[in-house]
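Right, one structure below, let's go through it.
Values quoted throughout were computed directly from the atomic coordinates according to the rules given, and no laboratory measurement underlies them. Everything numeric in this text was worked out from a predicted model, so none of it was measured. Because the Cβ atoms are built from the backbone with ideal geometry, glycine has one as well, and the counts that use them run over all protein chains shown.
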Amino acid sequence: MAGNLTAFQLGVGAVISIETNQGQVLAIVGNADSAQYSPPPSTVVGGPGLDAFINVSANTNQNILLEDSKTIVLEGLHFGRAQWLQFLIQQGGSGSNTVNFTVAPVGGGARVPAWTPGAAGVPLSTAVGKRDIVSGYWSGGNLFILVAGKDFR
């Protein structure tokens, strides 16, 4: 049985979920929040204080050089609006830096901590220069974070 495919343009903030007739859900992931493509910004996370703030409203893909252990506070996410997130995190400093994530939602309210598989945190590679990809999903109320791949060369 053949199906029909209609082409259409999505607006800013659109989310696509397609379910097959076998019940499988296919996800189309992209940066639907940006009116046009812009390369992922690079952010150095380090220095005094326990928190580092990264605004993801313009780009949900980020390159991060982790110079110190920090809690990364994601800004620019809205309650009730889902977003996919991708981070390329490189160990800097002397290595063995750790990272946690929280969300400071647009409009205020309490910070929302990240859920991780097995509540094990975000297990990054520890050697200086190692690069890991960390994926996230903001459901509009909860943040889910996992290491998608380690030690990319």
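What to note about this one:
- Charge tally in the Cβ shell below 11 Å around residue 106, where Lys, Arg are +1 and Asp, Glu are -1, residue 106 excluded: 0
- Nonlocal amide H pairs with residue 130, under 5 Å, H built at 1.01 Å: 91
- What the phi angles of segment 145-153 give under the Karplus curve with 6.51, -1.76 and 1.60, with θ = phi - 60°, is a coupling list of 10, 8, 7, 7, x, 10, 6, 6, 10 Hz, glycine and proline written as x.
- The HN-Hα couplings worked out from phi for segment 76-87 by the Karplus form 6.51 cos²θ - 1.76 cosθ + 1.60 (θ = phi - 60°) are x, 9, 9, 5, x, 10, 6, 8, 8, 10, 9, 10 Hz, whole numbers, x standing for Gly and Pro.
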